[in-house]
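A short worksheet on the structure shown next.
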Amino acid sequence: MNSTRTRTGPVRIASWGHAVFAATMVSFGILGLIHGKFTPTWAGVPKGFPARQAVAYLCALVSLGCGLGLLFQRTAAVASRVLLGFLLAWLLLFRVSQIFFLPTALDTWWGQGDTAVMAAGAWVLYVWFAGDRDGPRLAFAEGDSGLRLARLLYGLAMIPFGVAHFTNLQDTASLVPGWLPWHVGWAAFTGGAFLAAGVAVLVGVYARLAATLSALEILVFTLLVWVPIVAPGHPNAFQWSEFLDSCALTAGAWVVADSYRGMPWLAVGKR
């Protein structure tokens, strides 16, 4: 992690991924408070869930508070830890369980990957900011062991992204811009790329290259699919939240990719 300016001043941004990650979390919070709905990262709550509306506002407050907290030295470690805890709990409570109820739905697989990528990015930020200040009780989540776990979580996140492409191939193909040929072919190719990236990160073969290329793939998806939708200036709430989500996923993926700095691009056997 780069040095900071002052104890109470703003954090020196570790990477552009860190900056965009924090900014999109703030945007999620504002959007959630305005509309009182779950943004994509926090989706998956059943409609009959008790106090569902209150939970939506809680998620918005967590997003806003943690996003702002990531920008200041005094609060960055706490903000990243709180965000990581919420995202991991959300992943287990509301994402993984959907496999048993809606195994073929696009949202089931994409949603798991979405939350897992964000959790992995938050975990890397926590490792960068926390140092050893949390003591031995959280030692497994910090330092090199914390980075390994964050990267493994990111690798696992790529698998449902890839699966989502193939379980809903036609729906995925419909998102390919109209000016590109072979929509189904592109959908299958990008799904395979996510699967390959996930396996590479998990087994530690060309892991840095795989993490970087998968982040680039999400960025290209953002630029080709969502930017043309929001650029005219009249997106609805759903389109705007999906655009922000795609930006956040790009940032989270890039934070993870940036955690490999110093490792050879074609390293084998290092996670």
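Numbers at a glance
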quantity	calculated
Some residue of segment 140-158 being at pLDDT below 90 and among the hydrophobic types (A, V, I, L, M, F, W, C)	yes
Test: residue in segment 181-194 that is of a type in the set (S, T, Y) and within 30 Å of A60 (Cβ to Cβ)	no
Criterion violated by A120 - all others in (1) without any contact (Cβ under 8 Å) to a residue 24 or more places away in the chain; (2) of a type outside the set (K, R); (3) not in a loop (DSSP other than H, G, I, E, B) satisfied	(1)
Complete set of residues in segment 51-78 that are within 21 Å of V20 (Cβ to Cβ) and without any contact (Cβ under 8 Å) to a residue 40 or more places away in the chain	C59, A60, L61, V62, S63, L64, G65, G69, T75, V78
Residue in segment 184-195 that is under 26 Å from L84 (Cα atoms) and of a type outside the set (F, W, Y) present	yes
Answer residue from segment 166-215, given it is at pLDDT below 90, over 21 Å from V227 (Cα atoms) and not aromatic (F, W, Y) and is surrounded by the fewest Cβ atoms within 10 Å (Cβ to Cβ) among those	Q170
Candidates G162, G146 - the one that is within 15 Å of A193 (Cβ to Cβ) and surrounded by 19 or more Cβ atoms within 10 Å (Cβ to Cβ)	G162
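The values are calculated or read from the model by the stated rules, or taken from the named source; none is laboratory data. Here the structure is a predicted model, which means the values were calculated and not measured. Please note: Cβ atoms are built from the backbone with ideal geometry, for glycine as well, and neighbour counts cover all protein chains shown.
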